[in-house]
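Notes follow once the structure below has been shown.
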Amino acid sequence: MSIRIFIPRDSGALAVGADEVAAELSRVAHERDVSLDLVRPGSRGLYWLEPMLEVETQAGRVAFGPTTIADVPSILEAILSDGDHPLKLGLTEQIPWLKRQTRLTFVRCGIVDPRSIDDYRAHGGYKGLERALKLSSNAIIDDVVKSGLRGRGGAGFPTGTKWRTVAQAGRGQKYICCNADEGDSGTFADRMLMEGDPFMVIEGMTIAGIAVGATKGYIYIRSEYPHAVEAMNAAIEAARRTGYLGDHICHSTDSFDIEVRVGAGAYICGEETSMLESLEGKRGTVRAKPPLPAHKGLFGRPTVINNVLTFSAVPYILDGGAQAYADCGMGRSRGTKPIQLGGNVKHGGLFEVAFGITLGELIDDIGGGTLSGRPVRAVQVGGPLGAYFPRALFDTPFDYEAFAARSGMVGHGGVVVFDDTVDMAKQARFAMEFCAIESCGKCTPCRIGSTRGAETVDRIIAGDKPAANIAVLEDLCNTMKFGSLCALGGLAPIPVLSALTHFPEDFGLAPRRLQAAE
Amino acid sequence: MHNETWDPTRAAEIIAGLTHKEGPTLVILHALQEAFGYVPAAAEPMVAQALNLSRAEIHGVLTFYPDFRREPPGRHVLKLCRAEACQAAGGDALAARIENRLGVGFGATTADGAVTLEPIYCLGLCATAPAAMLDDRVIGRLDASRLDALMAEAQR
């Protein structure tokens, strides 16, 4: 008999030994004369259980994890005899952490073989594109508008509006750019999708191309993600071979092709105009807006720029789901948000859920508190430019407006947990230092302000005229916020000021009592 | 990591194979570094000429991006994530340990040419932090003993 076993190729799983476990499994199976069908999908996102091995049974996939090489022989024995095993987790789909999610974007991640376009199609892939090919440009864009989809990269701009602008920007060369420069610490959803379900990213970009009349797409992937680069390149080649990319897609009149471009370690290139400069082969300095990229983007041509998660939401919406998508969520935040739990957290991973879940539910219930077992003290939401929230704000629901109302941001949905050993003055200093390292240098508030900011925090930490230096720091933050050309300098004050507001004792100030808002 | 030794003819070949792309500068610089392990000063005027740009423009691009090296790296490149999620999981202590053991700071190569130590800001392994990358291999859930094993491997 042949048994079908899944061991992720996702780099989060590779980082904790998935390849070694897979190799050992092949070796042991061979030794025991067991015929093995080994599939290497993406990750389900339950990273504390990685490497998680799944076996196909009549009832569904059964999971074991976290596995090591030493566990392989006994796991294989348990599989063959249908016996028990200490690492056996039961049916994967019934694991409560996974069951609580609403997976629209990550519906196939960890399930399909990312190298197989047939597997993608067998799991509902390319239905969105097939429908899009029958619709007019306007009808596609109407669907995206109706779904309420907002950019998942962080800024939350309505996607349909952006597409419409590009569609109406006359004729001639237009571009689709997928921003896969996921540089924020605490975020890895783009990486997981590119590694685990790359055809969905391709399908989303292709639909965008058809909608706005662009025939060329670029996906700009950061160099820190070599596995994602490899997976996307392999998927693009497969899509070309099968007629899903190239001239006359699926025998239609539409043509579209995609090229992968790799960044070179500059965080600022995640900013859309810097990304365009980088794609054009220049230093990744920010462009002043206007003109908007929708009017004058890559090589001066009208360009749709969306993030990986945004493009990936599109196939579901087109496959008859605009209303279904819009029915999820709260307020003006529609659909689901893939939230990434990382840092010092017991159960870290990818949790996709409708907007509206509170921060406390996420950290305490889903994340299970800290990995160190110490109390949670601070949580940074939205990457290096996101706010640090204390426990008193754990009632904040995931919603763009609710976070903004408390001087924070949802951003790309990264949540980094810190225990009570964290020094918030040091974190504030790091925020300034990071901005100084990563500033493109084009505007003075960001370039100089961040360096002066780090120095000022140093003085506060050293106890050198703290009151006066805090006034300087606040003034500096204000200058950066209003004077910077882009969000790097503009948002760097958020982590700094939130640390100062919510954790003043770490700066040598008396603690303030914070009201847990309504 | 096995790099070719610098050879202008080979470099010219690499450049010529990529000039047809739209905005090819980064693509070419990546390809040169992939081949030689770094982008030598001698390559700058070659790229500039092929793309009809000034040497200053190419130099500006080369020095803007942290990935591009202008000197050959050590036999192994060890990158440790220094960003927030890894800080939260004890990354700073590992960074101090690594500098101490290798006797070099971030951005430098050990005297014996074995290891180049570089900071990296997020490998997307935040749920299995702290994380590092040795050459092309990713490593998560680092602690002192796993890090020591990694350094020993890199120094071989």
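The values are calculated or read from the model by the stated rules, or taken from the named source; none is laboratory data. Keep in mind the model is a prediction, meaning the values are calculated, not measured. With ideal geometry, Cβ positions are generated from the backbone for all residues, glycine too; neighbour counts draw on all protein chains shown. Quick note on the areas: whole protein, heavy atoms, side chains included, nothing else; ligands and nucleic acids left out. Shrake-Rupley method; radii C 1.70, N 1.55, O 1.52, S 1.80 Å.
A few remarks follow.
- Of the numbered criteria (1) in contact with a Ser or Thr (Cβ under 9 Å, 6 or more places away or on another chain); (2) away from chain B (no Cβ under 14 Å); (3) assigned to a loop (DSSP other than H, G, I, E, B), the one A:Arg44 fails is (2).
- When the range A:202-218 is filtered for residues that are surrounded by fewer than 24 Cβ atoms within 10 Å (Cβ to Cβ) and out of contact with any strand residue (DSSP E or B) (no Cβ under 8 Å at 6 or more places or on another chain), only A:Gly213 remains.
- Failed item, numbered, when A:Gly42 is tested on (1) open to solvent by 10 Å² or more (accessible area, probe 1.4 Å); (2) in contact with a Pro (Cβ under 7 Å, 6 or more places away or on another chain); (3) among the small types (Gly, Ala, Ser): (1)
- Checking A:Leu193 against (1) over 29 Å from A:Ala13 (Cβ atoms); (2) aliphatic (A, V, I, L, M); (3) out of contact with any Lys or Arg (no Cβ under 6 Å at 6 or more places or on another chain), the condition it does not meet: (1)
- Restricting A:Gln173, A:Gln168 to those that are open to solvent by 30 Å² or more (accessible area, probe 1.4 Å), among the polar types (S, T, N, Q) and within 14 Å of chain B (Cβ to nearest Cβ) reduces the list to A:Gln173.
- Residue list for the range A:139-148, filter: aliphatic (A, V, I, L, M) and buried (at least 21 other Cβ atoms within 10 Å of the Cβ): A:Ile140, A:Ile141, A:Val144
- Scope the range B:104-156; condition within 18 Å of B:Asp67 (Cβ to Cβ), part of a loop (DSSP other than H, G, I, E, B) and within 13 Å of chain A (Cβ to nearest Cβ); matching residues: B:Phe106, B:Gly107, B:Tyr121, B:Cys122, B:Leu123, B:Gly124, B:Ala131, B:Asp135, B:Asp136
- Residue ID - nearest to A:Thr273 (Cα to Cα), chosen from residues in the range A:428-475 that are within 14 Å of chain B (Cβ to nearest Cβ) and open to solvent by 30 Å² or more (accessible area, probe 1.4 Å): A:Lys442
- Selection within the range B:2-50 - surrounded by 20 or more Cβ atoms within 10 Å (Cβ to Cβ) and on the phi > 0 side of the Ramachandran plot: B:Gly37
- Wholly within the range A:190-299, helices (runs of 4 or more DSSP H) carrying at least 1 residues that are in contact with a Pro (Cβ under 8 Å, 6 or more places away or on another chain) and free of Cβ contacts under 8 Å to residues at least 60 places away in the same chain: A:226-241
- Qualifying residue in the range B:124-140 (condition: in contact with a strand residue (DSSP E or B) (Cβ under 8 Å, 6 or more places away or on another chain), open to solvent by 60 Å² or more (accessible area, probe 1.4 Å) and modelled with pLDDT of 95 or more): no
- Here A:Pro293, A:Pro315, A:Pro302, A:Pro338 are screened, and the one residue that is closer than 20 Å to A:Cys109 by Cα and at pLDDT 95 or above is A:Pro315.
- In the range A:123-138, the residue that is nearest to A:Glu182 (Cα to Cα) out of those that are open to solvent by 30 Å² or more (accessible area, probe 1.4 Å) and outside any loop (DSSP other than H, G, I, E, B) is A:Lys127.
- Restricting the first member to the range B:128-155 and to residues that are polar (S, T, N, Q), and the second to residues that are surrounded by fewer than 21 Cβ atoms within 10 Å (Cβ to Cβ), the beta-carbon pairs closer than 7 Å and six or more apart or on different chains are B:Thr128/B:Arg141; B:Gln155/B:Ala114.
- Considering residues of the range A:20-38 that are among the acidic types (Asp, Glu) and open to solvent by 50 Å² or more (accessible area, probe 1.4 Å) only, the residue nearest to A:Glu56 (Cα to Cα): A:Asp37
- Condition check for A:Tyr267: within 14 Å of chain B (Cβ to nearest Cβ), of a type outside the set (Gly, Ala, Ser), open to solvent by 20 Å² or more (accessible area, probe 1.4 Å) and under 20 Å from the mean Cα position of the chain (by Cα): yes
- Some residue of the range A:79-100 being assigned to a loop (DSSP other than H, G, I, E, B), closer than 30 Å to A:Leu309 by Cβ and among the charged types (D, E, K, R): yes
Table: residues versus (1) touching a residue at least 12 places away in the same chain (Cβ under 8 Å); (2) of a type in the set (Lys, Arg); (3) more than 13 Å from every other protein chain (Cβ to nearest Cβ).
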site	(1), (2), (3)
B:Glu34	no, no, no
B:Ala50	yes, no, no
B:Leu53	yes, no, no
B:Thr63	no, no, no
B:Pro73	yes, no, yes
